[in-house]
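The structure appears below as structure tokens.
The values are calculated or read from the model by the stated rules, or taken from the named source; none is laboratory data. None of these values were measured; they are calculated from a predicted model. Every residue, glycine among them, receives a Cβ derived from its backbone with ideal geometry; neighbour counts consider all protein chains shown. Surface areas here come from the heavy atoms of the whole protein model, side chains and all, with no ligands, DNA or RNA. Shrake-Rupley method; radii C 1.70, N 1.55, O 1.52, S 1.80 Å.
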Amino acid sequence: MRPVLKKLHRLSGLSLSVFLLLHLTNHLFALAGPSVHIAVMKLLRHIYRFPPVEVFLLLCVLFQIASGIFLIFRAGFFKKSFYEIVQVISGLYLSFFMINHVRAVLMARYVWKIDPDFYFASGVAVRYPEKLFFIPYYTLSVVSVFAHIACAHYVRRIESVEGDLSTSSLPILMKKFRRESFGIFIAGLIITVLIMICFTGVLYPL
Ligand code: HEM
Ligand code: HEM
């Protein structure tokens, strides 16, 4: 049962990652200014707002949260390694973030009747006192995605060599896997800083 759920979590996570790749690249276009960000978002909306794609994406968000929480309860949290604990904590933050974030975007579109564009996201990250909440809220979302993927990468790399290795080569490989995961995390930190300097008005006045 658990391997099936884990596989489905990975598959759904992969679909979400394709969206996230587009979504975070879109946010990086804010480095060239809000109008470029908005123009790129308008283009990308043809893909992810296409109804069958959007329904699938929103179902993946729901499934990711439900399956992730289920995996935590089945995983025996306290018996876990550092990597698995970081994976659980980042997963829990992503549950909290995705519920709030997707709710806010859908409320903007269907209830408040406003366009959830660059200024919708940046407004709350520059206005006082809202920014006290929203700057860490957005920052942690991007950091958590990369921490989660880095930990998944490490755990899966170990699993892929376990069993067919002599014990002497394991520590060397573990060091290599740690370096790879650390690289993913550092790349994530750089992307986070680049996105956040745009949305908080550091790069240009908002
Ligand atoms: C952006 C959304 C997410 C993506 C892309 C994602 C992706 C992944 C991937 C690729 C794995 C590795 C699966 C494997 O080893 O086969 C994983 C594991 C895991 N994820 Fe997520 N995940 C996301 C959100 C969540 C959420 C919201 C939770 C909820 C708390 C969560 C909890 C977990 C847990 C506990 C594991 C470890 C499973 C185990 O080893 O037993 N994830 N995730
Ligand atoms: C890294 C974690 C993030 C995840 C998992 C995520 C996920 C999502 C999802 C699922 C949607 C709904 C797409 C739709 O069907 O319309 C969305 C929309 C949106 N997100 Fe994010 N997001 C993340 C980070 C951010 C950040 C850091 C910002 C800005 C600071 C942001 C700004 C927006 C905006 C403006 C929309 C509306 C897009 C549109 O209407 O075209 N997101 N996000």
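For region 146-203, which chymotrypsin sites (Phe, Trp or Tyr not before Pro) are both in a DSSP coil and crowded by at most 12 other Cβ atoms within 10 Å?
none
Would you calculate the volume per residue, in Å³, of the smallest convex hull containing every Cα atom of the chain?
In the chain, the Cα hull volume divided by residue count equals 140 Å³.
At most 12 other Cβ atoms within 10 Å and a DSSP loop assignment: could you name the GluC sites (Glu not before Pro) in region 121-206 that fit?
Answer by residue number: GLU162.
Take every Cα pair under 8 Å in the chain that's 6+ residues apart, average their separations, divide by the length, and report that relative contact order as a whole percent.
It comes to 26 percent, rounded to a whole number.
Provide the per-residue ³J(HN,Hα) series for region 106-116, in order, calculated from phi with Karplus coefficients 6.51, -1.76, 1.60 and θ = phi - 60°, each as a whole number of Hz, with x at glycine and proline positions.
Listing the rounded values in order: 5, 4, 4, 6, 9, 10, 7, 6, 10, 7, x Hz.
Assuming R0 = 45 Å, can you tell me the calculated FRET efficiency for the pair LEU62 and SER169, based on Cβ-Cβ distance, to the nearest 0.05?
0.60
Running a GNM on the chain with Cα contacts under 10 Å, which residue among GLY163, GLY13, GLY188 ends up with the highest mean-square fluctuation?
Looking only at GLY163, GLY13, GLY188, the largest GNM fluctuation is found for GLY163.
With a 1.4 Å probe and all protein chains left in place, how much of the accessible area of the chain comes from carbon and sulfur atoms, in whole percent?
Working: 9220 of 12240 Å².
Answer for the chain: carbon and sulfur cover 75 percent of the accessible area.
Quick check: pseudo-label points 7 Å beyond the Cα along Cα→Cβ at ASP117 and HIS46, how many nm apart are they?
Roughly 1.8 nm, to one decimal.
Using a Gaussian network model of the chain with C-alpha springs under 10 Å, which one of VAL53, VAL88, VAL61 is most mobile by mean-square fluctuation?
Looking only at VAL53, VAL88, VAL61, the biggest GNM fluctuation is shown by VAL53.
Run the helix sum for the chain: -39,500 (n - 2.57) per DSSP H stretch of 4+ residues, divided by residue count, reported at 222 nm to the nearest 500 deg cm²/dmol.
Theoretical 222 nm ellipticity from helices: -28500 deg cm²/dmol.
Might you tell me the accessible area per residue for the chain, computed with a 1.4 Å probe and given in Å²?
59
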